[in-house]
Amino acid sequence: MRKKSPSASREVVSPDSPIITLLSDFGSTDPYVGSMKGVILSISKKATIVDITHSVAKFDVLEGGFILAAAVPYFPPGTIHVAVVDPGVGGRRKALLVKTKGYYLVGPDNGILMVAASQDRVEKVIEITNPRYGLSQVSSTFHGRDVFCAVAAHLANGVSIAEFGSETNDYVKLEFPKPDITGQTISGEVVHVDNFGNIVTNIKFTDMAEVGFERNTMITVTIGSVTERMKYGRIYGDVAVGESLALIGSAGFLEISVNQDNAASIHGAKKGTRVSISRCH
Amino acid sequence: MRKKSPSASREVVSPDSPIITLLSDFGSTDPYVGSMKGVILSISKKATIVDITHSVAKFDVLEGGFILAAAVPYFPPGTIHVAVVDPGVGGRRKALLVKTKGYYLVGPDNGILMVAASQDRVEKVIEITNPRYGLSQVSSTFHGRDVFCAVAAHLANGVSIAEFGSETNDYVKLEFPKPDITGQTISGEVVHVDNFGNIVTNIKFTDMAEVGFERNTMITVTIGSVTERMKYGRIYGDVAVGESLALIGSAGFLEISVNQDNAASIHGAKKGTRVSISRCH
Amino acid sequence: MRKKSPSASREVVSPDSPIITLLSDFGSTDPYVGSMKGVILSISKKATIVDITHSVAKFDVLEGGFILAAAVPYFPPGTIHVAVVDPGVGGRRKALLVKTKGYYLVGPDNGILMVAASQDRVEKVIEITNPRYGLSQVSSTFHGRDVFCAVAAHLANGVSIAEFGSETNDYVKLEFPKPDITGQTISGEVVHVDNFGNIVTNIKFTDMAEVGFERNTMITVTIGSVTERMKYGRIYGDVAVGESLALIGSAGFLEISVNQDNAASIHGAKKGTRVSISRCH
């Protein structure tokens, strides 16, 4: 499932059961998310709308990109993903529609789409310019509703991507920070603290394998300025309740966790905190 | 889109793809919202259910009405909107079904429906009395589930509005507070602080135009007891990050914002805080 | 509606309009819930997905079971309910599929399904073992996505329950704590504090009736160590704003509430606090 590729690369969405996902930093207390869904359903009656999250930290393009990239592989081929963390709304930043091998991404040109895009194969990046596919009155502060969701809904209806504008190579190529491997030590950073307090790093399973770390051995973990020995396990229950361990989380990244407790609070970690993994003790 | 009118005024909902929206002060930690959706789907299999928000401040009928009114124009004609902020549940307050030119509104008779109703054209207000269209066991504390959602789902199935009860003219006519214009000064108040901390006032774009305020000029804004000069701009990026500005938000109201920061915290504003706009300095 | 039984007991779900509900302790800030929905829609295009809540207190199996049991009766017969509060994920705990008279329950074998199961009639408990119906790469930390939602979606497609594994009688039989009735006194405990601060106890309407308490009489309520006389009413408005009362909440349990205020804060009650009801004063 996770590795399943779309049956064929298409430039139009099959209009019988289109799926549109939404991700934003809008929170859930305002009319904004509801309005976006109203716009989609006004244009595309058959669209199935799925919220990924609307609780991205305000204006945090990189966190939005990380969460989007973690969820996207689980949706069927042809899904349209709208991501709106958009501090530059109404200004000169472009509006983008990205077609990858397996899916479509719609959002502002600030890099938020590119983590999810680059983990698949980018086929085309379109700068959205055709006013025909936005609402007739485009507000200057809410392109999520007036541009991105309108475009997604028209795309769901089977409008070809070329209709929305022209191909561009000039867009923000945000990259996820990569960990540094020096000898037997991997140095990375915290990219997300999840709702359980699990400390998600940018260190991948493949990085751990490259250096030769093996499951069920003890490793040395430095979080910020504190160093601790812990198990490199497979499941939370590999250690007693309340004990720390490192494992590969469900998105394929190394996490520092505490069995049935909040690792971020216990280890004082937050986004950007340095994490390094080594063998020495 | 925003101004598009329904193709025709109807007294029954077209039953092929009915949309029901939900708004409440129930929060998202309890079984309440899920139960409402179960009731709808038990009666109307084809209904598409959309959450506007369930985070209205507890018992705050006016805030619920404001958010409802801001979201409603973006949904297709014929959409059924259920709004449940209902401190008087089980008491003598009526249950209402309002048919406007473009949509249906279902909820308690405490005014919550009337901001959204009056911005469209009210065609009929029905007092819901027919026990046939509620659940067989109506609880005394949860009419959102047992009455309003049941009625909405039967309406979605094509039941005519006259079936639910008789027309009434005796209902709560809650009005949104209107700003006061004296000479060159507009005095209003904060009606909503959004999730970004934007300070949404009850001053409309048309009020600003009436007094002759023009975009990209400096204006004098008094929030509570503090007066400050700021730009009356068009987009957040019209000022530097961290600077205040006034602009027309996505619902058509004047907002005081801080570019990429939380204006309500910075200016100490909350719902009800007085805001006035003038030219003098 | 509430008492309506499914038209017939079935071992396969009717695949024309399957409903899958989701309940978890995942919160709404991570890619987890979105990923689960992507998995479901990848397998079962027609599934209607409904969130009950994702805000169960972390690892609190009993609270999850309580909320699930309160929502489940309102869904149509044949609905598939997935509940994931799963501190033992990846360890030796089983994965279960429970078929009751009216619905299906899918989740970990830690008791979370059994409150909802036992209020209906349990027909079969299946231990999920067939790897064919999980994702090809099952993570060790996220069976909600890789096992439970995949199973639910295949079930929604009409796969027979026997395909998922073999029947078992060896599963965790979590029971909801029962109140104790001694003479004219009922002693129970707080099982949930809802979003309004209503104090939900494990004392049922039938317990109150058994002892002979009648509506609109005064009763003596002890919450923790504080005793107070209050009305045993029917609706919040039976007492003045700010006054306490006892009533039967929408799920059929005795609640201590304060009209338009937060009873849990005012009475210092939380989950597990002892509550007793008597006549004496």
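Filter region A:264-281 down to residues that are under 18 Å from residue A:183 (Cα atoms) and under 25 Å from the mean Cα position of the chain (by Cα), then give me how many there are. Spell out how you get there, then give the answer.
Pass one, region A:264-281, residues under 18 Å from residue A:183 (Cα atoms): A:274-281.
Going one step further and asking which of them are under 25 Å from the mean Cα position of the chain (by Cα), we end up with A:274-277.
Qualifying residue count, region A:264-281: 4.
Mind checking whether some residue in region B:104-120 is β-branched (Val, Ile, Thr), surrounded by fewer than 22 Cβ atoms within 10 Å (Cβ to Cβ) and free of Cβ contacts under 8 Å to residues at least 60 places away in the same chain? So far as region B:104-120 goes, no, none of its residues is β-branched (Val, Ile, Thr), surrounded by fewer than 22 Cβ atoms within 10 Å (Cβ to Cβ) and free of Cβ contacts under 8 Å to residues at least 60 places away in the same chain.
If I ask for residues that are open to solvent by 20 Å² or more (accessible area, probe 1.4 Å), under 27 Å from residue B:62 (Cβ atoms) and over 27 Å from the mean Cα position of the chain (by Cα), which ones from region B:195-226 would you list? Residues satisfying the conditions are B:225, B:226.
Out of A:145, A:132, report the one residue that is open to solvent by 20 Å² or more (accessible area, probe 1.4 Å), at negative phi and among the basic types (Lys, Arg).
On the way: A:145 fails: open to solvent by 20 Å² or more (accessible area, probe 1.4 Å).
Criteria check complete, one pass: A:132.
Filtered by the rule that a residue be without any contact (Cβ under 8 Å) to a residue 60 or more places away in the chain and away from chain C (no Cβ under 14 Å), region A:42-57 gives a lone residue, A:45. Count of region C:173-183 residues, restricted to those that are at pLDDT below 95 and either closer than 24 Å to residue C:113 by Cβ or surrounded by 13 or more Cβ atoms within 10 Å (Cβ to Cβ) (or both), is 6.
Among the numbered conditions (1) farther than 17 Å from residue A:110 by Cβ; (2) away from every other protein chain (no Cβ under 11 Å), the only one that residue A:177 does not meet is (1). Evaluating residue B:38 against the criteria (1) surrounded by fewer than 23 Cβ atoms within 10 Å (Cβ to Cβ); (2) within 14 Å of chain C (Cβ to nearest Cβ) leaves one unmet condition, (1). Just so you know, in region B:234-253 the residues that are farther than 19 Å from residue B:205 by Cβ and within 11 Å of chain A (Cβ to nearest Cβ) include one that is most open to solvent (accessible area, probe 1.4 Å), and it is B:241. Annotation note: Cβ proximity below 8 Å between a residue of region C:205-229 that is part of a loop (DSSP other than H, G, I, E, B) and a residue that is of a type in the set (Phe, Trp, Tyr) and surrounded by 13 or more Cβ atoms within 10 Å (Cβ to Cβ) (sequence gap 6+ or interchain) occurs for C:213/C:232; C:214/C:232; C:215/C:232; C:216/C:232. Quick one: would you say residue A:269 is farther than 21 Å from residue C:143 by Cβ, part of a loop (DSSP other than H, G, I, E, B) and among the aliphatic types (A, V, I, L, M)? The answer is yes for residue A:269. The residues of region A:47-62 that are out of contact with any Phe, Trp or Tyr (no Cβ under 7 Å at 6 or more places or on another chain) and open to solvent by 20 Å² or more (accessible area, probe 1.4 Å), listed by number, are A:48, A:49, A:51, A:55, A:57, A:59, A:60, A:61, A:62.
Checking each residue in region A:16-26 for being at the interface with another protein chain (Cβ under 7 Å from one of its Cβ atoms) and open to solvent by 10 Å² or more (accessible area, probe 1.4 Å) picks out A:17, A:19, A:26. Going by the structure shown, is residue B:154 closer than 20 Å to residue B:45 by Cβ, buried (at least 16 other Cβ atoms within 10 Å of the Cβ) and modelled with pLDDT of 90 or more? Yes, satisfied.
Counting just the residues of region B:58-98 that are small (Gly, Ala, Ser) and without any contact (Cβ under 8 Å) to a residue 40 or more places away in the chain, which one comes out nearest to the other protein chains (Cβ to nearest Cβ)?
Applying the filter and picking the extreme gives B:91.
Looking at this structure, is residue A:84 buried (at least 20 other Cβ atoms within 10 Å of the Cβ), at pLDDT below 95 and within 29 Å of residue B:62 (Cβ to Cβ)? So residue A:84 fails the test.
Results for (1) out of contact with any Asp or Glu (no Cβ under 6 Å at 6 or more places or on another chain); (2) not in a helix (DSSP H, G or I), shown as yes or no for each residue.
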{"residue": "A:51", "(1), (2)": "yes, yes"}
{"residue": "A:58", "(1), (2)": "no, yes"}
{"residue": "A:66", "(1), (2)": "yes, no"}
{"residue": "A:73", "(1), (2)": "yes, no"}
{"residue": "A:86", "(1), (2)": "yes, yes"}
{"residue": "A:90", "(1), (2)": "yes, yes"}
{"residue": "A:97", "(1), (2)": "yes, yes"}
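Residue B:186 meets the conditions (1) at pLDDT 95 or above; (2) within 14 Å of another protein chain (Cβ to nearest Cβ); (3) touching a helix residue (DSSP H, G or I) at 6+ places or on another chain (Cβ under 6 Å) in every case but one. The failed one is (2). Being in contact with a Pro (Cβ under 9 Å, 6 or more places away or on another chain), open to solvent by less than 30 Å² (accessible area, probe 1.4 Å), at pLDDT 95 or above and over 16 Å from residue B:87 (Cβ atoms) is a description that applies to residue C:275.
Filtered by the rule that a residue be touching a Ser or Thr at 6+ places or on another chain (Cβ under 8 Å) and buried (at least 17 other Cβ atoms within 10 Å of the Cβ), region C:260-271 gives C:263, C:267. Select, from C:132, C:121, the only residue that is modelled with pLDDT under 95 and within 14 Å of chain A (Cβ to nearest Cβ). So the residue among C:132, C:121 that is modelled with pLDDT under 95 and within 14 Å of chain A (Cβ to nearest Cβ) is C:132.
The values are calculated or read from the model by the stated rules, or taken from the named source; none is laboratory data. Everything numeric in this text was worked out from a predicted model, so none of it was measured. Because the Cβ atoms are built from the backbone with ideal geometry, glycine has one as well, and the counts that use them run over all protein chains shown. Only protein heavy atoms, including side chains, enter the accessible area calculation; ligands, DNA and RNA are left aside. Shrake-Rupley method; radii C 1.70, N 1.55, O 1.52, S 1.80 Å.
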